[in-house]
1. Looking at Ala115, Ala94, which is the one that is more than 15 Å from Ala158 (Cα to Cα) and touching a Pro at 6+ places or on another chain (Cβ under 8 Å)?
2. If the requirement is being under 17 Å from the mean Cα position of the chain (by Cα), closer than 13 Å to Leu69 by Cβ and either crowded, with 17+ Cβ neighbours inside 10 Å or not assigned by TED's automatic domain parsing to the domain that holds Glu54 (or both), which of these qualifies: Val80, Val131?
3. Would you be able to tell me the number of residues in the range 236-261 that are in contact (Cβ under 8 Å) with a residue 24 or more places away in the chain and either aliphatic (A, V, I, L, M) or surrounded by fewer than 16 Cβ atoms within 10 Å (Cβ to Cβ) (or both)?
4. Just give me the residues in the range 36-76 being part of a loop (DSSP other than H, G, I, E, B) and crowded, with 19+ Cβ neighbours inside 10 Å, in sequence order.
5. State all residues of the range 61-89 that are over 18 Å from Ala36 (Cβ atoms) and among the hydrophobic types (A, V, I, L, M, F, W, C); if no residue qualifies, say none.
6. Of the residues Ala118, Ala138, which single one is under 20 Å from Ala16 (Cβ atoms), crowded, with 17+ Cβ neighbours inside 10 Å and hydrophobic (A, V, I, L, M, F, W, C)?
7. Name the pairs whose Cβ atoms lie under 6 Å apart, with the first residue in the range 210-235 and in the same structural domain as His256 (by TED's automatic domain parsing), the second assigned to a helix (DSSP H, G or I) and modelled with pLDDT under 85, and 6 or more positions between them or separate chains?
8. Based on this model, can you work out whether Asp98 counts as acidic (Asp, Glu) and either without any contact (Cβ under 8 Å) to a residue 40 or more places away in the chain or assigned to a helix (DSSP H, G or I) (or both)?
Amino acid sequence: MLYKDIMEIIRWSEIAQPGDCLHVANILLGRMRTPALHRHDFFECFFVLEGAGEQGSAAGVQPLSPGDLYFLRPEHAHVVSGDGLSFLNLAFEARLFDSVAALAPWGEGIWEPGAPIAVQSLNSAQGQRLVEAATAVARQPSGINAAWLLLGLARILAESSGRPEARSPLPEWLAEGIAVAKQPEVLREGLPLLVQRMGRSRKHVSRSFQQYLGQTPTAWLAAARIERAQTLLATSGRSVLEVALDCGFASPSHFHKCFREALGVTPLQYRKRLAGVQLPGRADG
């Protein structure tokens, strides 16, 4: 599939106030208008939080997956599609980017002149750090904070290049099973469905989780539920009760207890601290 639409150019003055150096938005496709094929006069990256979609560019069409971070220069043209796709969009004013980005090692192909749109996968902890840092800076915008966020992103990328999440390479069946086990229906149903989706006996699944991940399937499932709850609380308008049930918690009180034990705050406190910043009127992805 080739994208040959008339290209739109989104300019910094259209999305930001005079003097702004950074623009942050949580985008949920299907609820917000999405530009057709376009490029920008600023630098941009977007981090996929949830759902599935695709990105069209000069390089063709690539799937968009949760945990992936994409990097665009002003000359890059792209179009993003996907119903229910949720992502965090970060846009940096060109002059600030040019002055700050030169201080950071970005890795091969990332924001590199002449290179195609780059993508980097983040693990759950790194992704959450990015969401928290972006939200904090968006609530107190300034040139210094925008520079801090850009350099902080470089540190996260440096970590992601060499930090394994498991003790040793995962068998193919386990890696595929873990990806499937993160689906909402598995988190809601719990351990029996997780084992079923793994396609192995419960004993074999338990032994493999201990060997390769250093935790039981029950502990992994609990952490995955909290991780999804964090995403929903930060990026959706669902009530705490709806989030609790969607993530597989039996009751709001159980959700409250588990969330507080994991993060040190209640779900409501977490949501207030990380209230998303929405771009009014359009989705600039």
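1. Values: Ala115 fails: touching a Pro at 6+ places or on another chain (Cβ under 8 Å).
Only one candidate passes the filter, namely Ala94.
2. Numbers: Val80 fails: closer than 13 Å to Leu69 by Cβ.
None of the other options fit; the residue is Val131.
3. Taking the range 236-261 as the starting set, the residues that turn out to be in contact (Cβ under 8 Å) with a residue 24 or more places away in the chain are 236, 240, 243, 245-249, 255, 258-259.
Those left that are additionally either aliphatic (A, V, I, L, M) or surrounded by fewer than 16 Cβ atoms within 10 Å (Cβ to Cβ) (or both): 240, 243, 245.
Residues that pass the stated criteria total 3.
4. Step one: of the range 36-76, the residues part of a loop (DSSP other than H, G, I, E, B) are 36-37, 41-42, 51-52, 58-59, 65-67, 73-76.
Those that are part of a loop (DSSP other than H, G, I, E, B) and crowded, with 19+ Cβ neighbours inside 10 Å: Phe42, Pro66, Arg73, His76.
5. Within the range 61-89, Leu69, Phe71, Leu88 qualify.
6. Working: Ala118 fails: under 20 Å from Ala16 (Cβ atoms).
Result: Ala138 is the single residue among Ala118, Ala138 that is under 20 Å from Ala16 (Cβ atoms), crowded, with 17+ Cβ neighbours inside 10 Å and hydrophobic (A, V, I, L, M, F, W, C).
7. Ile226/Ala262; Glu227/Ser124; Leu233/Tyr270; Leu233/Arg271
8. Numbers: acidic (Asp, Glu): yes; either without any contact (Cβ under 8 Å) to a residue 40 or more places away in the chain or assigned to a helix (DSSP H, G or I) (or both): yes.
Taking the combined requirement at face value, the residue satisfies it.
The values are calculated or read from the model by the stated rules, or taken from the named source; none is laboratory data. Not measured: the values here are computed from a predicted model. Note that we place each Cβ from the backbone using ideal geometry, even for glycine, and neighbour counts take in every protein chain shown.
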